[in-house]
Amino acid sequence: MRLTSDADRATARSARLLTAAGRRGSRLPPTVWDSLLPTLLLVNVVTTHPPQELPVAVALTAALALPLVWRRRAPLPVFGAVVAAAFVQWLMDVQLLADVALLVALYTAAAHTGRRGALLAAAVVEAGVLLACLRWAPDGAFPTPFVAVTAMTVAAAVLGVNVRTTRAYLAALEERAARLEHEREQQARLAVAEERTRITREMHDIVTHNLSVMVALTDAAVYAQHRSPEKTTAAMLQISETGRQALTDMRRSLGILRTDEPDAERHPLPGIAQLAALADQMGAAGLPTRLEVRGTHAHVPATAQLTVYRLVQEALTNTLKHTPTGTRATVRIGCSTGTVTVDVTDDGPRPPRPAAPPSGHGIPGMRERSAAYGGTLEAGPLPGGGWGVRTRLLLDSGGAASA
């Protein structure tokens with residue numbers, strides 16, 4: 001390695017040129033950037049060496065510098081080629097500025113290998129530093145150049161390791177960001193699917209119940225139109241009210257009912273307090289219903305009350321659809337500190353069960369509503385005749401979102 005003052009000045013000039021070029025380096029392709037240093041070193045050797053030394057100096061400079069053009073593609077082979085060229089240079093006792101290629105090759109090797117590879121490459125370069133200082137250091141001045149060049153070697157290796165570590169850290173951050181984005185997309189899709197299921201369940205309960213009541217009331221109106229006109233009029237008014245209630249519930253469930261509309265105040269979110277009106281409605285449709293509420297429901301959350309209302313509504317609707325005239329139903333609601341029990345029974349016979357399981361949303365939807373509050377729905381024939389639906393909701397099970 002060149003250790004004279006002339007070499008130091010040449011190194012300073014080259015460093016200034018490289019610094020100026022580095023300001024625009026980010027705009028250049030990597031191959032063009034990697035070609036700058038070999039070009040500068042060849043220009044330097046051509047302009048600073050006498051003609052008789054020029055062929056050997058140019059050949060050794062080319063062997064040291066030109067492999068750097070491919071340093072990003074093959075860092076370890078390039079490092080080996082530069083080290084081999086530097087060893088030949090040492091054997092020929094030729095000092096060249098192009099030895100700076102060793103530091104660039106060391107930095108590249110450290111930036112693309114692990115810590116062991118970086119340590120091994122640094123050890124190889126340090127051995128070359130020792131050999132160069134032993135041969136070319138001025139008499140009695142060995143420590144100064146040896147320490148200076150060793151410091152540059154350590155700096156190149158540490159810089160390469162830091163670049164590799166930073167690159168790995170940034171790659172991990174990008175991977176984590178991509179994973180989080182994927183998880184957010186999955187959560188959004190799950191939320192959409194859950195909301196779609198909720199709306200489907202609500203629409204089934206609202207449409208099935210209200211249409212069943214309207215059909216029953218229409219049949220009663222047709223039957224009584226000649227014998228009792230006043231009952232026909234009452235039935236038709238009840239059909240109209242039931243239709244308006246169905247429209248209001250559908251608008252609310254679809255999330256388009258504005259809070260400033262009058263219907264929002266006339267028809268609050270149904271709950272346990274509205275079960276009495278539901279029982280009256282079922283009675284008007286031909287299913288006499290008795291309601292018993294034990295305990296206070298003031299502490300029961302609105303979403304849990306909505307679940308209770310929908311369970312009772314679906315159970316009574318099924319009774320109205322599947323039992324003959326004259327069937328009676330009983331609804332028992334029990335409210336305690338942490339639970340709400342729902343028990344709906346009737347005394348009417350049911351038609352034989354089909355061979356294939358029903359494909360509707362009635363009982364499956366009731367099971368989903370009950371499971372959202374940690375309950376297990378029991379639905380089936382009673383020992384003494386009739387049909388029963390029973391479940392217990394746990395108020396602290398966090399099912400509000402699913403109600």
Query raised in the report: Ranked highest first by the average count of other Cβ atoms within 10 Å around their residues, in what order do 284-291, 334-341 fall?
Result: 284-291, 334-341
Query raised in the report: Which FRET efficiency, nearest 0.05, do ALA188 and GLU378 yield, Cβ-Cβ r, R0 35 Å?
Result: 0.50
**Report entry** Sorted by Cβ density within 10 Å, fewest first, the residues PHE79, PHE146
**Finding:** PHE146, PHE79
Query - Highest-first arrangement of 107-113, 50-56, 234-240, 223-229, where packing means the average Cβ count within 10 Å - result: 107-113, 234-240, 223-229, 50-56
**Report entry** Theoretical gain in end-to-end length, MET203 to LEU170 [0.36 nm per residue, Cα-Cα removed]
**Finding:** 7.0 nm
**Report entry** ARG294 paired with ALA151, simple spin-label distance in nm, labels 7 Å along Cα-to-beta-carbon
**Finding:** 9.0 nm
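Once the Cβ-Cβ distance between SER35 and LEU159 is put in as r, and R0 is 25 Å, what FRET efficiency do you end up with, to the nearest 0.05? Numbers along the way, then the final one.
Details: r = 21 Å, r/R0 = 0.84.
E between SER35 and LEU159, to the nearest 0.05, is 0.75.
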**Report entry** Estimated inter-spin distance, LEU180 and LEU119, nm [label 7 Å along Cα→Cβ]
**Finding:** 3.5 nm
Report summary line: Listed by chain and number, the residues whose amide H is under 5 Å from that of ARG328, excluding neighbours fewer than 5 places away on the same chain and using placed H, are ASP347, GLY348
**Report entry** Cβ-derived FRET efficiency at R0 30 Å, GLU241 paired with LEU394, nearest 0.05
**Finding:** 0.30
Report summary line: Output ordering of 171-177, 383-389, 157-163 (per-residue mean of other Cβ within 10 Å, highest first) is 157-163, 383-389, 171-177
Report task. Pop a pseudo-label 7 angstrom from the Cα along the beta-carbon direction at both ARG350 and GLU53 and give the gap in nm to one decimal. Result -> 10.6 nm
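Any read-out appearing in this document is the output of simple, stated calculations on the displayed coordinates, not a laboratory observation. None of the values given here were measured: they were computed from a predicted structure. Cβ atoms come from the backbone with ideal geometry, glycine included; neighbour counts cover every protein chain shown.
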